[in-house]
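*Asks:* Next up is a structure, given as structure tokens.
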Amino acid sequence: MNFTGKTCKFADNVDTDGIIPARYLNTSDAKELASHCMEDVDATFAARVKPGEIVVAGRNFGCGSSREHAPIAIKACGVACVIAASFARIFYRNALNIGLPIVECPEASEAISAGDTVTVDLDRGTVTDETTGRDFKVEAYPPFMQELVSAGGLAAYLKAKGKAGLK
């Protein structure tokens, strides 16, 4: 499972309220959430992010409340993957549960600049900054996690496995 795209960069401690402000939590419509994604952190993000782009962030990305709306908004914007120095535990879990690939790599988070082209290879466990030529080692996704992400998240994965007779 690979992703290649231009990067959007964010600082440390981007919380879930920064990702999707609480005033928009009265909807679960993914497109509506996407239209307000990062609104209070970068008002232009939702309008300028392109499908397949990769978010690069600092430490503690997704801290704050446990809202699933945050990774849903990011994924619905078309973001292919999020690379961060570290993630808040509940955000990490929610992202995988909805099928948003995330990668922890402090070195990549520090070195990659906004606008760089990056390739994330979840099979091999690498992040390559194509702009600078730097490679970074990350935790490879095991096959079942790749299936979970490809299925669109935990619920879709379990539904598909249930139809196939869980193995």
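Taken together, the values in this text are just the output of simple stated rules run on the coordinates, not laboratory data. A quick note: this is a predicted structure, and the numbers were derived from the prediction, not measured. Positions of Cβ are generated from backbone atoms using ideal geometry, with glycine treated the same way; all protein chains shown enter the neighbour counts.
*Asks:* By how many nm would the segment from ASP40 to PHE144 grow when fully extended, if each residue of separation counts as 0.36 nm and the alpha-carbon distance is taken off?
*Replies:* 33.9 nm
*Asks:* Same structure, new question: Count neighbours as other Cβ atoms within 10 Å of each site's Cβ, and list the GluC sites (Glu not before Pro) in region 43-140 that are DSSP loop with at most 11 such neighbours.
*Replies:* Sites meeting the loop and neighbour criteria: GLU139.
*Asks:* Considering only Cα-Cα distances, which of the following residue pairs are longer than 22 Å: LYS50/LYS75; LYS75/LYS137; LYS50/LYS159?
*Replies:* Exceeds cut-off: LYS75/LYS137; LYS50/LYS159.
*Asks:* Taking the Cα centroid of region 127-154 and of region 1-41, what is the distance between the two, rounded to the nearest whole Å?
*Replies:* 20
*Asks:* Could you list which residues have their amide H under 5 Å from that of ILE98, counting only those 5 or more apart in sequence or on another chain, with H placed in the peptide plane?
*Replies:* Correct list: LEU154.
*Asks:* Report, by chain and number, residues whose modeled amide H sits under 5 Å from the one on ALA57, excluding near sequence neighbours (fewer than 5 apart, same chain).
*Replies:* For ALA57, whose amide H was placed from the backbone, the distant partners under 5 Å are PHE10, ILE83, ALA84, ALA85.
*Asks:* Along the positive direction of the dipole of region 2-164 (beta-carbon charges: Lys, Arg +1; Asp, Glu -1; about the Cα centre), which of ASN97, VAL120, VAL14 reaches farthest?
*Replies:* Among ASN97, VAL120, VAL14, the one farthest towards the positive end of the dipole of region 2-164 is ASN97.
*Asks:* Here's a follow-up. Please work out whether region 1-59 counts as rounded, prolate or oblate from its C-alpha gyration tensor, where a ≥ b ≥ c are the square roots of the eigenvalues and a/c under 1.5 means rounded, while otherwise a/b larger than b/c means prolate and anything else oblate?
*Replies:* Since a/c reaches 1.5 but b/c is at least a/b, the shape of region 1-59 is classed as oblate.
*Asks:* Contact order normalised by length for region 79-125, with contacts defined as Cα pairs under 8 Å and 6 or more residues apart; what percent is it?
*Replies:* For region 79-125, the relative contact order is 41 percent.
*Asks:* Students often get this wrong, so try it: which of (i) 29, 17, 16; (ii) 25, 19, 16; (iii) 23, 22, 13 is semi-axes √(5λ) of the Cα gyration tensor in Å as calculated from the structure shown?
*Replies:* Looking at semi-axes √(5λ) of the Cα gyration tensor in Å for this model, the match is (iii).
*Asks:* Shifting gears a bit: I want the local charge near ALA46. Using Cβ-Cβ distances under 15 Å, sum +1 for each Lys or Arg and -1 for each Asp or Glu among the other residues.
*Replies:* Net charge in that neighbourhood comes out at -1.
*Asks:* Under 5 Å between amide hydrogens, which residues at least 5 positions from THR117 or on another chain qualify, with H placed 1.01 Å from N in the peptide plane?
*Replies:* GLU130, THR131
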